[in-house]
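Following: one structure in C-alpha cells, then a few remarks.
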Amino acid sequence: MHIDMDCFFAQIEERENPRFKGKPVVVGAEPKFGKGRGVVSTCNYEARKYGIRSALPISMAFRACPEAIFLPVNMELYKRTSEKVMVIIKRYSPLWEVVSLDEAFLDLTSLGWEKATETAQRLKQEILKKEKLTSTVGLGPNKMVAKMATNKAKPNGFLAIKPSEVIDFLDPMGVEKIPGVGPKTAIKLRQLGALRIKDIRKIPAIKLREVLGKTGENIYQKAKGIAEDTVISEETVKSIGAEHTFEQDTRDPEIIFPVFENLIKEVYGQAVRGNFLFRTVTVVCRFQGFETHTKSKTFKLTPQLSAEAKKLLLQFIVENTKLIRLVGVRIGKIKKHDE
Ligand code: TTP
Ligand code: MG
C-alpha cells in the first residue's frame, strides 16, 4: 500500500483557516506583487486550475492568479501534523516505510487482497476523522504499482490494482509516469519510439541498454510491472520506542510515572520478543509550548532499561520546571542476540 496526503502543506493551511475553503491557496515564497524570487512549495487543487504547481517561480504563480491566498511555509506545523499522521499509518502494519513528510508505504501482504483493501480504506478514513485531512491511497503487488495507483487516483482517491490488472493499468500511460523516469530519460525513451509504457516493452533490450545503460534494464522491468516490493522499516531495525501525550500538561509524578512505567514495559517487551540487545537508552520530554528535549546514555553492555530510563526522566523533572506534555522512551544501538 502507498499513501500520499493531498496537497499536504496547502491542505493543512485550509484546515487551520476554514475561510480559505474553495479559494486558491499557494504556500511558498513571498510573491511581493510578482517581484518575489522564491518558488511555490505547493498549492491546493483550486490553485492548480490556474496552472500553479510545486517548484513554479512564485512570480509566475502570482501572475497566473494574483487573487490567490499566498502563505509562507509554516514547517513546524506541517512536521507536527506529519508526525500525527505517521503514528496512525504505522499502526496498520509493523512493516512501514516513511518516504517523506506526507508519503509512506505499508506491507499488507499477509492480510490477503480483500482484507488489505478494507484495511487501506479504513486507514484513509481514520486520518480524515482524526486529522481532518484527505489522502490518496494506492494498492498494488509492489511499491511501484501502488505508488502509480495513488498518482492516478489523486486527489482524495483510492485505487487498487490487482496483479492480473497491472499490465492493462500500465500500458496506456505515458513513459514519464514511471517513478524514477525523469524528463531527460523520458525524452530518450520517446526518441526510441516509446511514448507509452506498452511501447517500452517493444524496444529490444540491447537498444535500451545501449542508450540508457543499467537504468534501461530497470525501466524494461518496470514496464512489465516488475519492481521492488520490500518495505523497509528503518526504525524497527535501528531503534524501538514508545511515547505518550498527556490529556493535560502535568508535573504530577503520580500521573507521569505510571505512564512512563508502561512505556518502558512496552519497549522492553518488543526488545525481548525481537530477541534484541541494545546499548542506548533515550528519554524524550516535550514541555508545554512544544519545546522538546532528549537525553541519551550509551552503555558498554545492555543496561537495565527501567532504572536507566527513570534516572533520565528524573533529570528532566529536576532541571525544568515547566509542565510536561509528552514523555517517551527509546532504545538504540540494537542488535539481534545471536549476531
Ligand atoms: P507532494 O506529495 O509531492 O505534493 P502535495 O502533497 O502538495 O500534492 P499532491 O500529493 O496532492 O499532488 O509533496 C508533499 C509536500 O512537500 C507538499 O505539500 C509541499 C512539499 N513540497 C515542496 O515544498 N516542494 C516541492 O517541490 C514538492 C514537490 C513538495
Ligand atoms: Mg502529497
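The values are calculated or read from the model by the stated rules, or taken from the named source; none is laboratory data. Owing to the predicted nature of the structure, the values given are computational and were not obtained by experimental measurement. Ideal geometry is used to build each Cβ from the backbone, glycine not excepted, and the neighbour counts take in all protein chains shown. To get the accessible areas, we keep the full protein, side chains included, count just its heavy atoms, and leave off ligands, DNA and RNA. Shrake-Rupley method; radii C 1.70, N 1.55, O 1.52, S 1.80 Å.
So how many residues does segment 20-47 have that are part of a helix (DSSP H, G or I) and in contact with a strand residue (DSSP E or B) (Cβ under 9 Å, 6 or more places away or on another chain)? Explain how you work it out, then say what you get.
Step one: of segment 20-47, the residues part of a helix (DSSP H, G or I) are 20, 32-34, 45-47.
Among the residues that remain, those that are also in contact with a strand residue (DSSP E or B) (Cβ under 9 Å, 6 or more places away or on another chain) are: 20, 46-47.
Qualifying residue count for the region: 3.
Just to be sure before I move on: is residue 253 open to solvent by less than 90 Å² (accessible area, probe 1.4 Å) and in contact (Cβ under 8 Å) with a residue 60 or more places away in the chain in the structure I sent? Even if it seems obvious, please write down each step before you answer.
Numbers: open to solvent by less than 90 Å² (accessible area, probe 1.4 Å): yes; in contact (Cβ under 8 Å) with a residue 60 or more places away in the chain: yes.
Considered against the rule, which asks whether it is open to solvent by less than 90 Å² (accessible area, probe 1.4 Å) and in contact (Cβ under 8 Å) with a residue 60 or more places away in the chain, residue 253 comes out as yes.
Of the conditions (1) basic (Lys, Arg); (2) out of contact with any Phe, Trp or Tyr (no Cβ under 6 Å at 6 or more places or on another chain); (3) modelled with pLDDT of 95 or more, residue 143 clears all except one; give me its number.
If we test residue 143 against (1) basic (Lys, Arg); (2) out of contact with any Phe, Trp or Tyr (no Cβ under 6 Å at 6 or more places or on another chain); (3) modelled with pLDDT of 95 or more, just (2) comes out false.
If the requirement is being at pLDDT below 90, open to solvent by 60 Å² or more (accessible area, probe 1.4 Å) and part of a strand (DSSP E or B), which of these qualifies: 245, 215, 230?
Values: 215 fails: part of a strand (DSSP E or B); 230 fails: part of a strand (DSSP E or B).
From the options 245, 215, 230, the qualifying one is 245.
Rundown of residues vs (1) modelled with pLDDT of 95 or more; (2) more than 14 Å from ligand 1 (Cβ to nearest atom), yes/no style:
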| site | (1), (2) |
| --- | --- |
| 71 | yes, no |
| 85 | yes, no |
| 94 | no, yes |
| 125 | yes, yes |
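Search segment 89-104 for residues being within 16 Å of ligand 2 (Cβ to nearest atom) and in contact with an Asp or Glu (Cβ under 7 Å, 6 or more places away or on another chain), and hand back the single one that is nearest to residue 242 (Cα to Cα).
Step one: filter segment 89-104 for residues within 16 Å of ligand 2 (Cβ to nearest atom), giving 89, 97-104.
Then drop every residue that is not in contact with an Asp or Glu (Cβ under 7 Å, 6 or more places away or on another chain), which leaves 102-104.
Working: 102: 21, 103: 22, 104: 20 Å.
Among those residues, the one meeting the criterion is 104.
Have a look at 10, 64, 47 and point out the one that is within 13 Å of ligand 2 (Cβ to nearest atom) and at pLDDT 95 or above.
Details: 64 fails: within 13 Å of ligand 2 (Cβ to nearest atom); 47 fails: within 13 Å of ligand 2 (Cβ to nearest atom).
Matching residue, one of 10, 64, 47: 10.
Which helices (runs of 4 or more DSSP H) sit wholly inside segment 76-190 and have at least 2 residues that are in contact (Cβ under 8 Å) with a residue 60 or more places away in the chain and touching a strand residue (DSSP E or B) at 6+ places or on another chain (Cβ under 6 Å)? Lay out the reasoning, then the answer.
Numbers: elements: 113-131, 143-153, 166-170.
Here the list reads 113-131, 143-153.
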